[in-house]
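> Take this structure first; my questions come after.
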Amino acid sequence: MKFVVNFLVLLLMSGCFFSTKAQSTLEQPSDARMEWWRDARFGMFIHWGLYAIPAGEWNGKTGYGEWIRHSARIPIETYDQFQSRFNPVKFDADTWVKTARDAGMKYIVITSKHHDGFCMFNTEQTEFNIMNTPYGRDVMKELSAACHKYGLKFCFYYSIMDWHHPDYLPRREWETDRSTDSADFNRYVSYMKAELKELLTQYGEIGVLWFDGEWEATWSENFGKEIYTYVKSLQPDIIINNRVGAGRLDMEGMIREGAFGGDFGTPEQQIPPTGLPGTDWETCMTMNDHWGYNKANTEYKPAKELIRMLTDIASKGGNYLLNLGPTDQGTLPKQAVTRLREIGWWMSVNGESIYGTVASPLVSTPWGRCTMKDNKDTVILYLHVFHWPDNGRLLVEGCMNQPLKAVLLAKPGKILEVSQHDDKITILLPAKAPDKINSVVRLTVQGPLDITNPPEIVAFNDFFVDRTKIELLTNRPNVEIRFTGDGNDPVDTSFLYSEPLEVMGDVTVKARCFRDGKPVSGTAVRKFKMLSPLAPKNVRNPEPGVEYQYYEGDWDSLPDFARLTPVRTGILPSFSFDPRSDKEHFGFSYKGYILIPKRSIYTFSTESDDGSQLYIGSKLVVDNDGLHGLRRKEGSIGLTAGFHPIRVLFFEKTGSDVLNVFIQSPDLPEQLVPQEWLVHEK
Ligand code: H79
């Protein structure tokens, strides 16, 4: 009790105050439907379609891939002629599937229809399909049978965007010869459903539906939910990627907060810098620079890079979907096959360190990566050694569990010597690495897992008005959290955390885990700063809506709108593009007042494609400028109740156009800025 009193005095002197509330815990979702997919970790992506015929070359240029019809601006009648040439006589489903299986891949995702609209399966919905080619065979039937025979999950890619179907909108911007007069997007969605029904009823069990091409303005979250529900009504256990919705954040591939996101995230050609706890995700990637076959692009990533990327992804809790672009003959590019064979050799020795593992619990693994199987009583840490230690000692830091056994997966019969000092485990390794790319040590330790991670300091924001609530969280067993508010490192006599704290002034919180009076973690630090909120303005005649100015121009970042002459001005209820110009190359500047209900810290964010900014008074609160895909940025400001001048700027160059403005505070869940809060002066 004395502690608490002393502490309050201390904090009051430095302008702070702590009080109490209930504690929350850290939890992970689990889902039986996702189990096979989470265990699999490694799959084959296949991009195969009519684009394999030009093989990346058009009019002497060789840089094209599956986007060739768009990128080379091939008229539809010309592209359609590939249909009468598609004859992959060397195709053999068993060979493809065995190649995947031998590489250690557990599932295959293949393009049933890419953006060009050509259906690589037997469909009643369009003539533009593989049955009407010289080949005339349903390759998907054969692949499905082979997958079931060899125990791989068979999965379909399906593009929402369709450059062939007359009802799909919009057309490519260069495609001025295809009329949109009788196009009906709802009818296109019915077409999609009819095709999806065929895909889900004629090819046995489908593991995943992998949507893509969802980013054009015609696709919406509601369509996404409708299709998601529809697909699951046909195959309840199927897994559906997040591109079924409309809230993907660029090639990072994750869904913006609050948006509908299907079952897993889809980073494209990139690996998230950290794990994403509580979410399922899969990085898809090419081996060379193209998804579809490109005969000129013969440089492929070395097997070493691919194996280490697979390991890196597994260590962060994700899946790796590695692409092949087969030729128009139906063969797999030999460079790809060579690499898959090397990966297969590595997997045949080390597969158990990938399949069924979860993300690394260790914070730092300078020698490589770590994956884990947590069996509670015992825990297996797979130590993926990329950089073999010169002194023969592998140092594993941050683990308090007692080591039971360590072996190299390449030589499982030979037990390695292990020693431990506090949270440092040292494993003696042979002089030479058994595998130059990645040698895996299987370290078994006594459970339950006890990693020396510092506690988490959780609060709404680093900035606050008047007061803020701070929680200190850990999921470690048998530890107490001790903390300070004066900048000193916590020791065993520092304040003991039991309930959430309430702070009323600038403070640096430091927190650390202790067990039996000894520190058993590093120290977490977070600084909190109190802001004085801005005073409101007088608005004499508030009228609903904001003033807008609409501009036209070609920009790569926000122009100085004040120096430009607007094409149109008026009042809008909110930050929308109505009266919508269906042109590209435009900009909007919105000006008005936001009626803030309560003195507090507020976090604004804009989600835009392309750039945007948000000002409150003269302060730039959100800077989301620049040419980019759907991207979200936020900023915080303290405000008192009343009217505050708000200005939002936006520009759109080409492609899809989105602007959403969100507001959030400790008492206000994140939401679009309510229209009722927006006014202008009459
Ligand atoms: O199916 C594969 C790609 O075709 C598709 N998603 C993966 C799985 C994809 N869609 N968009 N993108 C990838 C990124 C967009 C790239 C573009 Fe371009 C830049 C489209 C137009 C300019 C790349 C370069 C394609 C054509 C030129």
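No lab work stands behind these numbers, since they all come straight from the coordinates. In this text the structure is predicted, and so the values were computed from the model without any measurement. All Cβ positions, even for glycine, are placed from backbone atoms using ideal geometry, and neighbour counts span all protein chains on display.
> Full extension from Met251 to Lys518: what is 0.36 nm times the residue separation minus their Cα-Cα distance, to one decimal in nm?
Values: separation 267, 0.36 × 267 = 96.12 nm, distance 4.48 nm.
Extra length from Met251 to Lys518 when fully extended: 91.6 nm.
> Could you tell me which residue out of Tyr188, Cys155, Ile68 lies farthest along the dipole of segment 30-302 toward its positive end? Charges go on the beta carbon: Lys and Arg +1, Asp and Glu -1, centred on the Cα centre.
Cys155
> Please identify which residues in segment 216-241 have an amide N closer than 11 Å to a label point set 7 Å out from the Cα of Arg33, following the Cα→Cβ vector.
228-241
> Assign unit charges at the C-beta atoms only (+1 for Lys and Arg, -1 for Asp and Glu), then state the dipole size of segment 453-530 relative to its Cα centre in Debye, rounded to the nearest 20. Before the final figure, lay out each step's value.
Values: 11 positive and 12 negative charges, 40 e Å.
Charge dipole, segment 453-530, about its Cα centre: 200 debye, nearest 20.
> In debye, nearest 20: dipole of segment 542-681 around its Cα centre with unit charges on the Cβ of K, R (+) and D, E (-)?
Details: 13 positive and 21 negative charges, 88 e Å.
Taking the Cα centre of segment 542-681 as origin, the dipole is about 420 debye.
> In nm, to one decimal, how far is the modelled label at Gln402 from the one at Lys149, with both set 7 Å along Cα→Cβ?
5.3
> Sequence neighbours fewer than 8 away in the same chain don't count; with that in mind, list the lysines whose C-alpha is under 21 Å from Lys518.
Within the straight-line cut-off, Lys518 pairs with Lys424, Lys510.
> Also: Per DSSP helix of 4 or more residues, -39500 (n - 2.57); summed, then divided by the residues of the chain. What does that give at 222 nm, rounded to the nearest 500? Could you put the intermediate results ahead of the total?
Numbers: 10 runs with 110 residues, N = 682.
Per the formula, -5000 deg cm²/dmol.
> Right, here's the next one. Place a point 7 Å from Cα of Ala194 in the direction of its Cβ. Which residues in segment 107-139 have their backbone N less than 14 Å from it?
Answer for this model: 123-129.
> Ordered by residue, what ³J(HN,Hα) values in Hz, to whole numbers, does segment 574-579 give under the Karplus form 6.51 cos²θ - 1.76 cosθ + 1.60, where θ = phi - 60° and Gly and Pro are x?
7, 8, 10, 9, 6, x
> Taking +1 at the Cβ of each Lys and Arg and -1 at the Cβ of each Asp and Glu, which of Thr474, Met140, Pro544 sits farthest along the dipole of the chain towards its positive end, judged by Cα position relative to the Cα centre?
Of the listed residues, the answer is Thr474.
> Now a separate question. Which pairs, out of Lys583/Lys633; Lys373/Lys411; Lys295/Lys373; Lys232/Lys376; Lys149/Lys225, put more than 31 Å between their alpha-carbon atoms?
On the way: Lys583/Lys633 25 Å; Lys373/Lys411 20 Å; Lys295/Lys373 42 Å; Lys232/Lys376 34 Å; Lys149/Lys225 33 Å.
Too far apart for the 31 Å limit: Lys295/Lys373; Lys232/Lys376; Lys149/Lys225.
> List the residues, sorted by chain then number, that are 5 or more residues from Val622 or on another chain and whose placed amide H is less than 5 Å from its amide H.
Excluding prolines and chain starts, which carry no amide H, the hits are Leu614.
> Apply the Karplus parameterisation 6.51 cos²θ - 1.76 cosθ + 1.60, with θ equal to phi minus 60°, to every residue of segment 203-210 and state each ³J(HN,Hα) to the nearest whole Hz, in sequence, with x for glycine and proline.
Result, rounded to whole Hz: 10, x, 6, 10, x, 9, 9, 10.
> While we're on this one: Where the only charges are on Cβ atoms (+1 Lys, Arg; -1 Asp, Glu), what is the dipole of the chain about its Cα centre, to the nearest 20 debye?
Values: 75 positive and 88 negative charges, 377 e Å.
With Lys and Arg at +1 and Asp and Glu at -1, about 1820 debye.
> At a threshold of 8 angstrom on Cα-Cα distance, excluding pairs fewer than six apart, so keeping six or more, what relative contact order does the chain reach in percent?
Working: 1593 pairs, mean separation 74.0, N = 682.
Reported as a whole number, the value is 11 percent.
> Expressed in nm to one decimal, what extension gain is obtained for the pair Asp390 and Arg178 from 0.36 nm per residue of sequence separation less their Cα-Cα distance?
Numbers: separation 212, 0.36 × 212 = 76.32 nm, distance 6.56 nm.
Gain on stretching Asp390 to Arg178: 69.8 nm.
> Any idea which of Ile457, Trp174, Gly253 is furthest toward the positive side of the dipole for the chain, if Lys and Arg beta-carbons carry +1 and Asp and Glu beta-carbons -1?
Of the candidates, Ile457 comes out farthest on the positive side.
> Given 0.36 nm per residue, what is the gain on full extension from Glu552 to Tyr135 after removing their alpha carbon distance, in nm? All intermediate terms of the calculation are to be shown ahead of the outcome.
Values: separation 417, 0.36 × 417 = 150.12 nm, distance 4.99 nm.
Here the answer is 145.1 nm.
> Going highest first, how would you order 131-143, 235-247, 173-185, 432-444 by mean Cβ packing within 10 Å? Could the numbers behind the result be given before it?
Details: 131-143: 16.5, 235-247: 22.2, 173-185: 11.3, 432-444: 19.1.
With the highest mean Cβ count within 10 Å placed first, the list reads 235-247, 432-444, 131-143, 173-185.
> Which whole-Hz ³J(HN,Hα) couplings does segment 623-640 yield from phi under the Karplus relation 6.51 cos²θ - 1.76 cosθ + 1.60, θ = phi - 60°, glycine and proline marked x?
10, 10, 6, x, 7, 7, x, 3, 9, 10, 9, 9, x, 10, 8, x, 9, 8
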